[in-house]
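The values are calculated or read from the model by the stated rules, or taken from the named source; none is laboratory data. Remember, predicted model here, so these are calculated numbers, not experimental data. Heads up, the Cβs are rebuilt from the backbone with ideal geometry, glycines too, and the neighbour counts pull from every protein chain shown. Side chains included, ligands, DNA and RNA excluded: accessible areas come from the protein's heavy atoms. Shrake-Rupley method; radii C 1.70, N 1.55, O 1.52, S 1.80 Å.
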Amino acid sequence: MDKTVFLDAMGISRWRFGAEEVKPYMVLWDDELDYYPEKQPLVAQVLTLLGVELTQCQFDSMPAKGVQVVWDMRQTKTRPRTAWVNSEPLKTLLSNDGSHKRSLWQQIYQHLNQPK
């Protein structure tokens, strides 16, 4: 059994360095070893459309307290669902099927046009 899955199921957060800078925004993803979201142009484009800089985001598989989740691209989403937009995992978004990207763009459009 994967230890991270076990810790997630038990609701145990991972240890972090105390000196680690806490960034105001978070992107949730499944830790796919082949894809690093920070290096993908699609991720930078989506964050720019949402009005968030890549340097303001931390990437993790579990939400952290006090950090706004802007994008949840995990396969299995957990409650509470507080992300601005939700999508399929990055690996699926980067495939040739445009329907997943279309759904993501529609969510971005709705998010940007909601009353503030």
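Key figures
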read-out	value
Förster radius 30 Å - calculated FRET efficiency between residue 12 and residue 48 (Cβ-Cβ, nearest 0.05)	0.30
Solvent-accessible surface (1.4 angstrom probe) belonging to residue 43, in square angstrom, nearest 10	0
Heavy atoms of residue 99 accessible to a 1.4 Å probe, total area in Å² rounded to 10	50
Globularity index of the range 18-113, i.e. its alpha-carbon radius of gyration over 2.2 N^0.38 Å	1.02
